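J.: Once you've had a glance at the structure underneath, I'll fire off some questions.
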Amino acid sequence: QVQLVESGGGLVQPGGSLRLSCAASGSIFSINSMGWYRQAPGKQRELVATITNGGMTNYADSVKGRFTISRDNTKNTVYLQMHSLKPEDTAVYYCNAGVRTYRTLPVNDYWGQGTQVTVSS
C-alpha cells in the first residue's frame, strides 16, 4: 500500500557530510510526522529526528547542531542533512512516516528498508 524508499547512504570520513532522502509513495491520503531512526550493530533502534507536517522538528541530543531534518510535502519526501559526522553515527538509518491511506482510516506507521551510513577513515 505505502512504500518508503531511502537513498543517500554510504561511506564518509569523519567530519564529512551526507544527505539522506526518503520518498513515500502508494495509497497516501495524508502524512503526519516523518522521521529518521538509526540502529547500530548490537544496539536498539533510536530516534534521530522527526518533523511534523507543519514543520516542527525534534532531534536526539547526540545530533543537535549537526543534523537537519526537512520535508517537501509536495513530493512526500523527507530529508536528513548530516554534517560533522562521527564514527558513532555509523548505523543503518531508517525512514518512518505516519500515513493515513484514506480519509476515515487511522494513521499507521510505515518504515523504509534502511540505508547504511558508515563513518570511517
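The values are calculated or read from the model by the stated rules, or taken from the named source; none is laboratory data. Bear in mind the structure is a predicted one, so any value in this text is a computation, not a measurement. Note that each Cβ is placed from the backbone with ideal geometry, even for glycine, and that neighbours are counted across all protein chains shown. These area figures cover heavy atoms from the full protein model, side chains too; ligands, DNA and RNA do not enter into them. Shrake-Rupley method; radii C 1.70, N 1.55, O 1.52, S 1.80 Å.
J.: For the stretch 46-55, does any single residue satisfy the condition of being among the charged types (D, E, K, R), touching a strand residue (DSSP E or B) at 6+ places or on another chain (Cβ under 9 Å) and in contact (Cβ under 8 Å) with a residue 24 or more places away in the chain?
T.: No, that holds for no residue.
J.: A follow-up question, please. Criterion first (in contact with a strand residue (DSSP E or B) (Cβ under 8 Å, 6 or more places away or on another chain), open to solvent by less than 40 Å² (accessible area, probe 1.4 Å) and of a type in the set (Lys, Arg)) does ARG38 satisfy it? Don't jump to the end; show me each part of the working.
T.: Working: in contact with a strand residue (DSSP E or B) (Cβ under 8 Å, 6 or more places away or on another chain): yes; open to solvent by less than 40 Å² (accessible area, probe 1.4 Å): yes; of a type in the set (Lys, Arg): yes.
For ARG38, the condition - in contact with a strand residue (DSSP E or B) (Cβ under 8 Å, 6 or more places away or on another chain), open to solvent by less than 40 Å² (accessible area, probe 1.4 Å) and of a type in the set (Lys, Arg) - is met.
J.: Okay, moving on. Between residues in the stretch 101-121 that are within 17 Å of GLN39 (Cβ to Cβ) and residues that are of a type in the set (Lys, Arg) and in a loop (DSSP other than H, G, I, E, B), which pairs lie under 9 Å by C-beta distance while being six or more apart or on different chains?
T.: Close Cβ pairs (under 9 Å, with a partner that is of a type in the set (Lys, Arg) and in a loop (DSSP other than H, G, I, E, B)) amount to VAL119/LYS86.
J.: Further, regarding this structure: Of the conditions (1) surrounded by 14 or more Cβ atoms within 10 Å (Cβ to Cβ); (2) closer than 15 Å to VAL2 by Cβ; (3) not small (Gly, Ala, Ser), ILE51 clears all except one; give me its number.
T.: (2)
J.: Among SER62, SER84, which is polar (S, T, N, Q), without any contact (Cβ under 8 Å) to a residue 40 or more places away in the chain and either touching a His at 6+ places or on another chain (Cβ under 9 Å) or over 17 Å from VAL2 (Cα atoms) (or both)?
T.: Exactly one residue qualifies, and that residue is SER62.
J.: Then there's this: Considering only residues that are of a type in the set (Val, Ile, Thr) and not in a strand (DSSP E or B), look in the stretch 73-121 and name the one that is most open to solvent (accessible area, probe 1.4 Å).
T.: Restricting to residues being of a type in the set (Val, Ile, Thr) and not in a strand (DSSP E or B), the top hit is THR74.
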